[in-house]
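Peer 1: This structure is in C-alpha cells; I'll ask about it shortly.
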Amino acid sequence: MNELHTDVLIVGAGLGGCAAALAALKMGQRVILTEESEWLGGQMTAQGVPPDEHPWIENLGATRSYRELRNRIRAYYRGHYPLTAEAAANPTLNPGMGNVSRLCHEPRVSRAVLVEMLAPFVVNGALQVLYCWVPAASATQGDRVISIRMRRVQSEDEIEISADYFIDATELGDLLPLAGVEHVVGAESQAQTGELHALPGEPNPADQQAFSWCFAIDYLPGQDHTIQKPERYDFWRYYRASFWPAPQLSWIYSDPMTLEPVSRGLFSGPSDTPLGDDLWHFRRILYRKNFREAAFASDIVLVNWVQLDYFLQPLIGPNAEQQAAILADARQLSLSLLYWMQTEAPRLDGGYGYRGLRLRGDVFGTGHGLARSAYIRESRRIKARFTVLEQHVGVEARGARQGAELFHDSVGVGSYRIDLHPSPGPRNFVDITSWPFQIPLGALVPMRVSNLLPGCKNIGTTHITNGCYRLHPVEWNIGEASGALAAFCRLRQVSPQAVVEDLHLTEDFQAMLVEQLGIELAWPDDIYRTPRIKTDPLGI
C-alpha cells in the first residue's frame, strides 16, 4: 500500500474543504485534499445548488476569499461568455437572474474558478488533490488520529495518508465514526437541549433533513424531449406523505412557515422575463437575455424544489448497500418529477405536460442526466466544546433579547433562517426566524480528539441550528476557519482545545483571521439586530 504524509489532510473537497485548503496553504502548510467525485465545490458544483446568501452579501458578511470566489465567477462570464453590453457592465451581474440568489450560475463555472484558485498551490507542490477517493479506516493513538486509509472509488486501490492535522469536510461527516470522534446524528430532544422546536419526546437519530438529487433543464416549445418512463414512476406519481397536502408530484406543497397548502406552477407567464413568481424563475442559472441574441435557445433552470425532497429513509445510519439503494431511489424521484412535468403536469393554458422540457445532463457531464452528487442538508455533528442552540440564534427562543448571542471566540459570521426540510421523522418543515449570527470557535473543536476538526456542516450545532449554519457562505467560513486553526495550532505547537481555553490564544487566532485572511468576526450593529425574514418561498 502506498503511503503519503502531509501537514494537513482534508477529506472532502466541497466548499468547506476548498476553503480549508486555501487557508492552510496561505499559512505555509502542505495539504492533501481528497474528493469522492471528480469535481471540487460540493453543493455549489457537483450538487448543483446556486449559492443561497444573505441580503448584505455584496458588501459585507463574507470572508475575503469567499468574496474573491464570487468576483471570479462574474469575471469568468465576462471573459468567456457572449454577454450583452449591459450585462457585462453590471458590477453585480447575476448570470441566471434566479430569485434565490444574487449569483445564480452554472456549476461548471464555479468549479472552474475553484480549480483556478487552487492551481498555484498545485503547481508549487504545496497542494495535492486526489479525486475519486473515500475514507475507509483510520489509525488512532489516544486522543490523536495518526492516519486515514483511503480507498479509490470503484477500485481495490488503497493509500495510507498520515498527517499532523485532519479536517473532515465530507458531506456526511464520514471521518467522525471512522476516527472514533464523539458525534451526534439526527434530532435531539427538548430534554437534551431545551430548544423550543426540538423533539418533545425522545431524540430520533433517523430524523434527518431530506436530501435532494437536483437536475438542470431548459425549455424548447414545439419539441418533444420526453424521457423514458422511470421504473419507479408509478410509485412516486401517487405517493403522498401523511403530513403533506398533496401527492409528491404536484404543484401543491406545504408553505415552509405556516404549513398551509400553497400552489406554484412551472410558469406564471412568459419564461424569458427577468423576474417571475414561479418555479422557472426560482433557481434559473442561465438567463438567455443576459447574452447576445441567439447565443442560447433557452434559459437553463436548476431544479431543486420541495418535490425533490427525499425523506422516505435517512441517509446516515443504513449500511453502504442500503445507502446506495436510497440514493438510487432519490434519482428515481428526480427523473419521475421530470417525466411528470413533461407528460402530466397541469399547464398554465389548461393543458397537461411540457414536452419541450429538456434534461440538461451536459450541465454536470453525467450519463444519467442529473447532478453528479445528491444535495445534502444534514451531516453527523461533532460533540463540541460548545454547541450552538436555538436559544443562541432564534428570534422566538431569545424572547425580548435583540440580536443573536455574542460569542467572544467568534471566527466568522452568517445569516439564514433556521430552515429544516421534511424528514423521515416523520415531520414537515420547521422554518424559524433567526438573527444574523456568529460562528463560535468552540463549535469547531471536538470534546476530546485533539487533531481532527470539522470543515462544513459537521460542527457543534444541533439538528435545529444546523438549519441556519449549513448554507454556502457559512460552510465556506467554517472550512476556512478550520484550515486556519489547523495551521495556527501546528505553527504554535498547541492543540485546538488549548486555543479555546486560553483567552490570549483565542485573541491571537482571531487577530490572524482578520489580518491574514480577511474574516469578519461580527456584524455591524444595525444588521445584527435585523432578523432574517423569509425570502425563499421553497426553502433550500
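Peer 1: Any idea which of 522, 498 is outside any helix (DSSP H, G or I), of a type in the set (Gly, Ala, Ser) and out of contact with any Gly (no Cβ under 9 Å at 6 or more places or on another chain)? So that I can check it myself, show each step before the final result.
Peer 2: Values: 498 fails: outside any helix (DSSP H, G or I).
Testing whether each residue is outside any helix (DSSP H, G or I), of a type in the set (Gly, Ala, Ser) and out of contact with any Gly (no Cβ under 9 Å at 6 or more places or on another chain) leaves just 522.
Peer 1: Right, another one. For the stretch 358-379, which positions are surrounded by 22 or more Cβ atoms within 10 Å (Cβ to Cβ) and assigned to a helix (DSSP H, G or I)?
Peer 2: Passing the criteria: only 363.
Peer 1: Looking at residue 212, is it touching a helix residue (DSSP H, G or I) at 6+ places or on another chain (Cβ under 9 Å), closer than 30 Å to residue 430 by Cα and not hydrophobic (A, V, I, L, M, F, W, C)? Write out each step before concluding.
Peer 2: On the way: touching a helix residue (DSSP H, G or I) at 6+ places or on another chain (Cβ under 9 Å): yes; closer than 30 Å to residue 430 by Cα: yes; not hydrophobic (A, V, I, L, M, F, W, C): yes.
Yes; evaluated as a whole, the condition is true for this residue.
Peer 1: Sticking with this structure for a sec: For the stretch 280-315, give me each residue that is closer than 24 Å to residue 205 by Cα and buried (at least 19 other Cβ atoms within 10 Å of the Cβ). Steps first, please.
Peer 2: Step one: of the stretch 280-315, the residues closer than 24 Å to residue 205 by Cα are 306-315.
306, 307, 308, 309, 310, 311, 314, 315 - these are the residues of the stretch 280-315 that are closer than 24 Å to residue 205 by Cα and buried (at least 19 other Cβ atoms within 10 Å of the Cβ).
Peer 1: Continuing with the same structure: Can you pull out the residues in the stretch 10-35 that are part of a loop (DSSP other than H, G, I, E, B), closer than 20 Å to residue 444 by Cβ and out of contact with any helix residue (DSSP H, G or I) (no Cβ under 6 Å at 6 or more places or on another chain)?
Peer 2: Answer for the stretch 10-35, where residues must be part of a loop (DSSP other than H, G, I, E, B), closer than 20 Å to residue 444 by Cβ and out of contact with any helix residue (DSSP H, G or I) (no Cβ under 6 Å at 6 or more places or on another chain): 12, 13.
Peer 1: Exactly one of these conditions fails for residue 73: (1) part of a helix (DSSP H, G or I); (2) touching a residue at least 60 places away in the same chain (Cβ under 8 Å); (3) within 20 Å of the chain's Cα centre (by Cα). Give me its number.
Peer 2: Here residue 73 clears every test but (2).
Peer 1: Has the stretch 337-355 got any residue that is of a type outside the set (A, V, I, L, M, F, W, C), part of a helix (DSSP H, G or I) and free of Cβ contacts under 8 Å to residues at least 40 places away in the same chain?
Peer 2: We begin by selecting, within the stretch 337-355, every residue of a type outside the set (A, V, I, L, M, F, W, C); these are 339, 342-344, 346-347, 349-355.
Cutting the leftovers down to part of a helix (DSSP H, G or I) gives us 339, 342-343.
Still in the list and also free of Cβ contacts under 8 Å to residues at least 40 places away in the same chain: none.
No.
Peer 1: If a residue must be in contact with a Pro (Cβ under 7 Å, 6 or more places away or on another chain) and without any contact (Cβ under 8 Å) to a residue 24 or more places away in the chain, how many such residues does the stretch 172-225 contain?
Peer 2: So the count comes out to 3.
Peer 1: If you don't mind, there's one more thing I want to ask. Can you tell me how many residues in the stretch 288-318 are among the polar types (S, T, N, Q), in a loop (DSSP other than H, G, I, E, B) and within 23 Å of the chain's Cα centre (by Cα)?
Peer 2: Residues of the stretch 288-318 that are among the polar types (S, T, N, Q), as a first pass: 290, 298, 304, 307, 313.
Now narrow it down to the ones that are in a loop (DSSP other than H, G, I, E, B): 298, 304, 313.
Now restrict to residues that are within 23 Å of the chain's Cα centre (by Cα): 304, 313.
Qualifying residue count, the stretch 288-318: 2.
Peer 1: It is to be established whether one or more residues within the stretch 159-180 are surrounded by fewer than 17 Cβ atoms within 10 Å (Cβ to Cβ) and part of a helix (DSSP H, G or I).
Peer 2: So far as the stretch 159-180 goes, yes, one or more of its residues are surrounded by fewer than 17 Cβ atoms within 10 Å (Cβ to Cβ) and part of a helix (DSSP H, G or I).
Peer 1: Restricted to the stretch 380-426, and to residues that are over 23 Å from the mean Cα position of the chain (by Cα), charged (D, E, K, R) and part of a loop (DSSP other than H, G, I, E, B), which residue is surrounded by the fewest Cβ atoms within 10 Å (Cβ to Cβ)?
Peer 2: Once the filter is applied, the top-ranked residue is 401.
Peer 1: For the stretch 155-197, give me the residue count where each residue is farther than 21 Å from residue 485 by Cα and of a type in the set (Ser, Thr, Tyr).
Peer 2: Matching residues across the stretch 155-197 total 3.
Peer 1: If you don't mind, another one. Look through 128, 154 and report the one residue that is more than 23 Å from the chain's Cα centre (by Cα), part of a loop (DSSP other than H, G, I, E, B) and not β-branched (Val, Ile, Thr).
Peer 2: On inspection, the qualifying residue turns out to be 154.
Peer 1: Test residue 38 against the criterion of being surrounded by fewer than 24 Cβ atoms within 10 Å (Cβ to Cβ), assigned by TED's automatic domain parsing to the domain that holds residue 129, in contact with a helix residue (DSSP H, G or I) (Cβ under 9 Å, 6 or more places away or on another chain) and part of a loop (DSSP other than H, G, I, E, B), and give yes or no. Reasoning before the result, please.
Peer 2: Details: surrounded by fewer than 24 Cβ atoms within 10 Å (Cβ to Cβ): yes; assigned by TED's automatic domain parsing to the domain that holds residue 129: yes; in contact with a helix residue (DSSP H, G or I) (Cβ under 9 Å, 6 or more places away or on another chain): no; part of a loop (DSSP other than H, G, I, E, B): yes.
For residue 38, the condition - surrounded by fewer than 24 Cβ atoms within 10 Å (Cβ to Cβ), assigned by TED's automatic domain parsing to the domain that holds residue 129, in contact with a helix residue (DSSP H, G or I) (Cβ under 9 Å, 6 or more places away or on another chain) and part of a loop (DSSP other than H, G, I, E, B) - is not met.
Peer 1: Report the residue count in the stretch 197-223 for those that are outside any loop (DSSP other than H, G, I, E, B), among the polar types (S, T, N, Q) and buried (at least 21 other Cβ atoms within 10 Å of the Cβ).
Peer 2: 1
Peer 1: Next question, about the same structure. Given (1) outside any loop (DSSP other than H, G, I, E, B); (2) surrounded by fewer than 18 Cβ atoms within 10 Å (Cβ to Cβ); (3) of a type outside the set (D, E, K, R), identify the lone condition not met by residue 527.
Peer 2: If we test residue 527 against (1) outside any loop (DSSP other than H, G, I, E, B); (2) surrounded by fewer than 18 Cβ atoms within 10 Å (Cβ to Cβ); (3) of a type outside the set (D, E, K, R), just (2) comes out false.
Peer 1: Restricting the search to the stretch 501-519, which residues are touching a strand residue (DSSP E or B) at 6+ places or on another chain (Cβ under 9 Å), in a helix (DSSP H, G or I) and among the aliphatic types (A, V, I, L, M)? First the steps, then the outcome.
Peer 2: So the first thing to find is which residues in the stretch 501-519 are touching a strand residue (DSSP E or B) at 6+ places or on another chain (Cβ under 9 Å), and the list is 509-510, 513, 519.
Narrowing the set further to residues that are in a helix (DSSP H, G or I) leaves 509-510, 513.
Within the stretch 501-519, 513 is the sole residue that qualifies.
Peer 1: Filter the stretch 451-498 down to residues that are closer than 23 Å to residue 30 by Cβ and of a type in the set (D, E, K, R) and give me whichever is surrounded by the most Cβ atoms within 10 Å (Cβ to Cβ).
Peer 2: 480
Peer 1: Residue by residue through the stretch 228-254, note down the ones that are crowded, with 16+ Cβ neighbours inside 10 Å and in a loop (DSSP other than H, G, I, E, B).
Peer 2: 230, 232, 241, 244, 245, 248, 249, 250, 251 - these are the residues of the stretch 228-254 that are crowded, with 16+ Cβ neighbours inside 10 Å and in a loop (DSSP other than H, G, I, E, B).
Peer 1: Pairs please, first residue from the stretch 82-103 and on the phi > 0 side of the Ramachandran plot, second anywhere and aromatic (Phe, Trp, Tyr), Cβ atoms under 7 Å, 6+ apart in sequence or on different chains.
Peer 2: Taking only residues 6 or more apart or on different chains, the pairs are 97/287.
Peer 1: Name the pairs: first residue in the stretch 37-52 and under 16 Å from residue 366 (Cα atoms), second residue charged (D, E, K, R) and assigned to a loop (DSSP other than H, G, I, E, B), Cβ to Cβ under 7 Å, at least 6 apart or on different chains?
Peer 2: If the second residue must be charged (D, E, K, R) and assigned to a loop (DSSP other than H, G, I, E, B), the pairs left are 37/372; 39/372; 42/171; 46/372.
Peer 1: Residue check: is residue 355 basic (Lys, Arg), touching a helix residue (DSSP H, G or I) at 6+ places or on another chain (Cβ under 7 Å) and under 29 Å from residue 442 (Cα atoms)?
Peer 2: Details: basic (Lys, Arg): yes; touching a helix residue (DSSP H, G or I) at 6+ places or on another chain (Cβ under 7 Å): yes; under 29 Å from residue 442 (Cα atoms): no.
No: the conditions fail for residue 355.
Peer 1: Now, a different point. Taking the stretch 452-494, which residues are among the polar types (S, T, N, Q) and without any contact (Cβ under 8 Å) to a residue 60 or more places away in the chain? Break it down into steps so the answer makes sense when it comes.
Peer 2: Of the stretch 452-494, the ones among the polar types (S, T, N, Q) are 458, 461-462, 465-466, 477, 482, 493.
Once the filter is applied, which keeps residues that are among the polar types (S, T, N, Q) and without any contact (Cβ under 8 Å) to a residue 60 or more places away in the chain, the stretch 452-494 yields only 493.
Peer 1: Looking at the stretch 181-209, which of its residues are in contact with a helix residue (DSSP H, G or I) (Cβ under 8 Å, 6 or more places away or on another chain) and under 28 Å from residue 395 (Cβ atoms)?
Peer 2: 193, 194, 195, 196, 197, 198, 199, 200, 203, 209
The values are calculated or read from the model by the stated rules, or taken from the named source; none is laboratory data. This one's a predicted model, so the numbers in the text were calculated from it and none came from an experiment. Heads up, the Cβs are rebuilt from the backbone with ideal geometry, glycines too, and the neighbour counts pull from every protein chain shown.
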